[in-house]
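Q: Mind having a look at this structure? Questions to follow.
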Amino acid sequence: MCAYYYVGSMKMKRSITIGFDAQHAMEDGVEFGAYSRLVIEAMALAAPRHTYIRAYTPERTPHSGYQAIEQLHNVETMEPDGALWRKLPTLWRIWHSSKDISNGGVELYHGLTEHIPLGLASRNIRSVVTIHNMAYLYDRSILNSPENLLSRIYMGRMLHRVDRIVAVSECVKRDIVKHFYIDPDKVDVVYSGVAKRFTEHVSEEQMASIRDKYHLPERYILSTGTHLERRNMINIIKILPLLDHELHYVIAGHTTTYTSRLVRAAEELGVSDRVHFINRALDEELPAIYHGATMLANLSRYEGFPTSVAEAMTMGVPCLVTRKSSMEEIAEDAALYVNAQKRDELVASIRRLTQDNELRSHLIKEGRRHASRFRPEVVAFNLMNSYRRVDVDVVG
């Protein structure tokens with residue numbers, strides 16, 4: 001609940017309590033995790049005097065980055081209230097957490113991972129949800145599967161019952177409006193953002209430590225993110241035999257069943273020694289991994305917000321991307337575009353990015369200029385504007 005104090009005869013608001021979904025905030029190598037930490041910290045720093053933040057999670061796990069956020073005076077982590085609900089974390093998150101959120105005096109709850117618990121509206125709590133991507137709407141292999149249909153039903157119902165929707169790009173907003181018949185005025189576009197650590201200098205000592213830990217080569221193409229078929233990582237492996245033998249391929253992200261296909265392709269082509277996998281690198285290690293890269297390659301067929309591209313631009317790493325989904329929206333003129341299915345074009349583009357210093361300098365300069373849109377303070381400012389549209393005014 002809001003607390004008030006009086007100045008003369010004027011009634012002044014003292015504080016606002018906002019609840020956040022912290023389901024993945026204590027996980028490394030998970031894309032929702034990085035976003036959750038960025039938003040919680042950015043909002044806590046943006047309005048430290050008048051905003052109190054409660055981060056709700058079904059289970060607390062150790063995480064150095066999140067523990068630093070918890071040290072902020074206006075942040076508190078909340079777990080299920082009672083032993084029974086600790087044993088039933090999924091049921092608590094879907095249903096019972098709304099009671100704990102209400103008991104915590106929360107005025108607005110922001111679901112950071114495409115989920116809002118049931119019962120918030122009946123308890124007079126405003127709700128905002130972030131939607132990260134709609135890739136499952138375009139994957140023909142799973143389009144009519146029972147799991148996909150259930151996901152679409154859940155998503156549709158949730159989008160209609162929340163008070164406000166945050167889309168991480170105009171691309172995602174278009175999909176929400178088109179496929180779920182949502183009023184476009186209900187959807188705010190707020191880019192995911194890039195953590196401040198990507199703007200900090202990487203020392204030679206840090207770079208040497210990362211190279212030693214992960215056995216990184218001197219020159220490498222980098223791709224980051226969970227290993228998914230739509231990201232076309234295998235296309236880079238397939239053309240490695242046609243590229244300079246000193247150029248390697250580093251894939252940093254959570255492994256999946258798709259990883260076995262990548263490993264097998266590298267073995268069949270005789271380039272296993274040039275393909276390096278980094279599974280769930282720590283947050284603080286990622287800037288050095290980017291810093292050492294010759295280029296960033298994101299050949300995905302769909303990205304709601306291409307986090308790797310935004311991070312690479314911030315770090316001054318040239319990007320090779322497709323024209324799919326939100327890529328052009330985020331990269332604009334700060335990337336080299338390629339058709340990922342045309343082998344000769346892909347080979348020529350990679351060679352150009354390794355040899356054309358004028359092009360590299362241009363992409364680095366433009367990338368850093370565009371990256372200012374993704375600063376955490378910009379994310380916080382735009383989220384505050386979204387909250388105001390449901391009559392919750394967060395004052396810095």
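Q: Any idea which of (1) touching a residue at least 24 places away in the same chain (Cβ under 8 Å); (2) farther than 25 Å from Arg37 by Cα; (3) among the charged types (D, E, K, R) is the one Asp283 doesn't satisfy?
A: Result: Asp283 fails condition (2) only.
Q: Could you identify the single residue in Pro58, Pro62 that is part of a loop (DSSP other than H, G, I, E, B), touching a residue at least 12 places away in the same chain (Cβ under 8 Å) and out of contact with any helix residue (DSSP H, G or I) (no Cβ under 8 Å at 6 or more places or on another chain)? If you could, list the steps in order and put the result at the bottom.
A: Working: Pro58 fails: out of contact with any helix residue (DSSP H, G or I) (no Cβ under 8 Å at 6 or more places or on another chain).
Result of the check over Pro58, Pro62: Pro62.
Q: Could you identify the single residue in Ile69, Ile116, Ile101 that is over 25 Å from Val378 (Cβ atoms), of a type outside the set (Lys, Arg) and at pLDDT 95 or above? Even if it seems obvious, please write down each step before you answer.
A: Details: Ile69 fails: over 25 Å from Val378 (Cβ atoms); Ile116 fails: over 25 Å from Val378 (Cβ atoms).
Answer to the check: Ile101.
Q: Output the residue which, of all residues in the range 22-55 that are under 14 Å from Glu107 (Cα atoms) and touching a Ser or Thr at 6+ places or on another chain (Cβ under 6 Å), is surrounded by the most Cβ atoms within 10 Å (Cβ to Cβ). Spell out the reasoning first.
A: Within the range 22-55, the subset under 14 Å from Glu107 (Cα atoms) is 50-55.
Next, from what is left, pick out any that are touching a Ser or Thr at 6+ places or on another chain (Cβ under 6 Å): 50, 52, 55.
Details: His50: 17, Tyr52: 21, Ala55: 27.
Within the range 22-55, the match that is surrounded by the most Cβ atoms within 10 Å (Cβ to Cβ) is Ala55.
Q: At pLDDT below 95, surrounded by fewer than 18 Cβ atoms within 10 Å (Cβ to Cβ) and farther than 30 Å from Arg231 by Cα: does that describe Ala121?
A: Details: at pLDDT below 95: no; surrounded by fewer than 18 Cβ atoms within 10 Å (Cβ to Cβ): yes; farther than 30 Å from Arg231 by Cα: yes.
Spelling it out, it is not the case that Ala121 is at pLDDT below 95, surrounded by fewer than 18 Cβ atoms within 10 Å (Cβ to Cβ) and farther than 30 Å from Arg231 by Cα.
Q: Could you check, for the range 324-340, whether at least one of its residues is of a type in the set (Lys, Arg) and modelled with pLDDT of 95 or more? Before the answer, list the steps.
A: Filtering the range 324-340 for residues of a type in the set (Lys, Arg) gives 324.
This time we only want the ones that are modelled with pLDDT of 95 or more, so: none.
Looking through the range 324-340, none of the residues is of a type in the set (Lys, Arg) and modelled with pLDDT of 95 or more.
Q: What single numbered condition from (1) assigned to a helix (DSSP H, G or I); (2) surrounded by 12 or more Cβ atoms within 10 Å (Cβ to Cβ) fails to hold for Leu143?
A: So Leu143 meets the others, but not (1).
Q: Out of all the residues in the range 283-290, is one or more buried (at least 16 other Cβ atoms within 10 Å of the Cβ) and part of a loop (DSSP other than H, G, I, E, B)?
A: Checked against the condition, which is being buried (at least 16 other Cβ atoms within 10 Å of the Cβ) and part of a loop (DSSP other than H, G, I, E, B), the range 283-290 yields no hits at all.
Q: When you scan the range 37-83, how many residues do you find that are among the charged types (D, E, K, R) and under 18 Å from the mean Cα position of the chain (by Cα)? Walk me through it before giving the result.
A: Looking only at the range 37-83, we keep the residues that are among the charged types (D, E, K, R), and these are 37, 41, 49, 54, 59-60, 70, 76, 79, 81.
Keeping just the survivors that are under 18 Å from the mean Cα position of the chain (by Cα) gives 37, 41.
Number of matching residues: 2.
The values are calculated or read from the model by the stated rules, or taken from the named source; none is laboratory data. Since the model is a prediction, treat every value here as computed from it, not as a measurement. Cβ atoms come from the backbone with ideal geometry, glycine included; neighbour counts cover every protein chain shown.
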